[in-house]
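Scroll down for the structure; my scribbles are underneath it.
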Amino acid sequence: QFLFVVTFTTFLLCCVEYDVLFANRPLNHSHAGGPAPDRSKVTLPDAVLPAPQCAQRIRASGWIIFLLVMAAVFWLYRLVKVLCSLLSYWEIRTFYIKALNIPSEGLCNYSWQEVQARLISLQRRQQMCVHKKELTELDIYHRILRFKNYTVAMVNKSLLPVRFHLPLLGPVIFLTQGLKYNLELLLFWGPGSLFQNKWSLRPQCKRVGARRELARRLARAMVLLGLANLLLCPCVLVWQLLYAFFSYAEVIKREPGSLGARRWSLYGRHYLRHFNELNHELQARLSRGYKPATKYMNSFTSPLLTVLAKNVGFFAGSILAVLIVLTVYDEDVLTVQHILTAITLLGLVVTLARWVCWAGPAAGMVGDRVAGREVERLPSARRSFIPDEHTVWCPEQLLQRVLAHVHYMPDHWQGNASRSETRSEMAQLFQYKAVFILEELLSPILTPLILIFALPARALDIVDFFRNFTVEVVGVGDICSFAQLDVRNHGNPQWLSAGQTEASVYQQAENGKTELSLMHFAITNPRWQPPPPSELFLSQLKEKVQQDAAAAPPAQRILAEGPLGASLLS
């Protein structure tokens, strides 16, 4: 795709004669004998310059040469990276076939739990990890999710500068793929990062006396990386614009409402992610929450927007109808200049005024073998700017359905599901696809500013975070202590009985993330043996659930108490 975008863009810039293509100047056909060609017709080959002339235009432009050299360097870097990845994938394939006895053609028939069980069994027989006799499920998750657990913990503790208050827009959250890449480069695997390799933190990061010097070096690295991003901003911005155009132009033309689809934002994925949750587990959980979240966001309507949509749809539809009738009466109308453009644009306006199709990447077929069932393809939900007058929404119940899948919700949302502030905060986690595209396009401009001005102020806090919340596990290496799921050291008193946690406000995870992550991991890995404090918490939780279930009123009575239940039972 990268090669195609670069080649095709260069061709459009240097190898097309647009005056001929737009018929701004007549064709100069050279012909010997025979009838003269029809000068009123322009074919595509007429507008394409010969190869020597095209090459001459490219050589004459210094900017084109510079951009092509930059593109070639980036492509070679990507090529080397892909080749290294292929070697790693080949080693993984060999390990699966020879060590785990899982053939390539049968891999799709195995769940992750089955693969994990074979890996644990293999460790008992051959002791691949020489530092410990047995591997646990938690050890395997720690190896795979070492850096992701740190990132989830930093988002949970509001350590990263991703929240901003802007004039007119109010509070916004900005976390893009570009900013995330730069943060990982600084903290985990870049030159001079806090980790000296894939499993070990630098020794000076663990010493209290070196914290200020290390923070100064980290702040300096942030500024230098920000300046490098600023220097490369034009190239990255051009690439982002071209890639977005080639990726979304045809989709928008075919389905204009696709920009109104929603997706879980990058910040939302980190905010809602449990400690020790693999990618496929997170994707399956958020996919189950996609449909309820869409219904909740659809429950908010704007009377002003409804009036505008009705009138805009009426005016544009009326003009479009007349043009269609004229073209049916006489097809020569189509030869009028810009008539096809007008018909296309009016069709887009009518579609946007009437429907916004809500779908997203989470709505695809996602197999959740972990939970023992398959998540079916979610149908494309549709929401009209002009709401259905017969629809009745229950925001509180819809938000509870969302919470049942995503598991995290700020306390002040409780009982305030119908407030616009709650919807705005939910929109930060569950954003429009158009907002996602706009953020990614702005990322080359805003990421350097965040790296230079906002992030260095957090350098000392980040250094302290890695020193205070890193533990060394035998056979695994340095990991985030939150990922140990230890309720005694990181539990929240609101979730635990008295005396079950010794964590201070600084040490405890926010929103009960330690407890929820522990519950999720224990359910996903039923053979795992948690440490005694965590096992005590789980046993008390089970007893409480059983007591609540025994004392709960019958389902018929619960349903009858709410408007939705009354409607269903009627």
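Here are the numbers:
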{"quantity": "Estimated Rh, region 108-164: Kirkwood, alpha-carbon pairs, angstrom", "calculated": "13.7 Å"}
{"quantity": "222 nm mean residue ellipticity, helices alone, for the chain (DSSP H n ≥ 4; -39,500 (n - 2.57); rounded to 500)", "calculated": "-18000 deg cm²/dmol"}
{"quantity": "Solvent accessible area, Å² - Met70, 1.4 Å probe, full protein context", "calculated": "70 Å²"}
{"quantity": "Pairwise centroid distance, computed over Cα atoms, of region 156-200 with region 446-521, Å", "calculated": "16 Å"}
{"quantity": "Estimated FRET transfer efficiency (Glu91, Ser121; beta-carbon r; R0 25 Å; 0.05)", "calculated": "0.80"}
{"quantity": "Unit charges at the beta carbon, dipole of the chain: most positive-side option, Val487, Met519, Leu107", "calculated": "Val487"}
{"quantity": "Solvent exposure of region 130-169 as accessible area per residue, Å², 1.4 Å probe", "calculated": "53 Å²"}
{"quantity": "Approximate spin-label separation Cys233-Glu535, in nm, with each point projected 7 Å along Cα-to-Cβ", "calculated": "5.7 nm"}
{"quantity": "Per residue value of the accessible surface for region 389-544 (all protein chains in place, 1.4 Å probe), Å²", "calculated": "48 Å²"}
{"quantity": "Surface share of carbon and sulfur [accessible, 1.4 angstrom probe, percent] for the chain", "calculated": "63 percent"}
{"quantity": "Mean projection area, nm², convex hull over Cα of region 49-102", "calculated": "5.8 nm²"}
{"quantity": "Å² of accessible area per residue within region 57-107, as computed with a 1.4 Å probe and no ligands counted", "calculated": "79 Å²"}
{"quantity": "Rg and Dmax of region 139-252, Cα atoms only, in Å", "calculated": "17.6, 57"}
{"quantity": "Kirkwood Rh in Å, taken over all unlike Cα pairs in region 149-201", "calculated": "12.6 Å"}
{"quantity": "From the C-alpha gyration tensor of region 70-127, square roots of 5λ in Å", "calculated": "33, 13, 9"}
{"quantity": "Inter-site label distance for Ile437 and Val5 at 7 Å from Cα along Cβ, in nm", "calculated": "1.4 nm"}
{"quantity": "Convex hull projection area averaged over all views, region 277-340, Cα basis, nm²", "calculated": "8.6 nm²"}
{"quantity": "Inter-site label distance for Ala244 and Thr306 at 7 Å from Cα along Cβ, in nm", "calculated": "3.3 nm"}
{"quantity": "Virtual paramagnetic centre 7 Å along Cα→Cβ of Leu12, amide N under 17 Å, in region 239-275", "calculated": "239-254"}
{"quantity": "Taking the C-alpha atoms of the chain, convex hull volume expressed per residue in Å³", "calculated": "238 Å³"}
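The values are calculated or read from the model by the stated rules, or taken from the named source; none is laboratory data. This structure is a prediction, so every number in the text was calculated from the model and none was measured. In this analysis, Cβ positions are derived from the backbone assuming ideal geometry, glycine residues included, and neighbour counts consider all displayed protein chains. We work out accessible area using only protein heavy atoms, side chains counted, and drop any ligands, DNA or RNA first. Shrake-Rupley method; radii C 1.70, N 1.55, O 1.52, S 1.80 Å.
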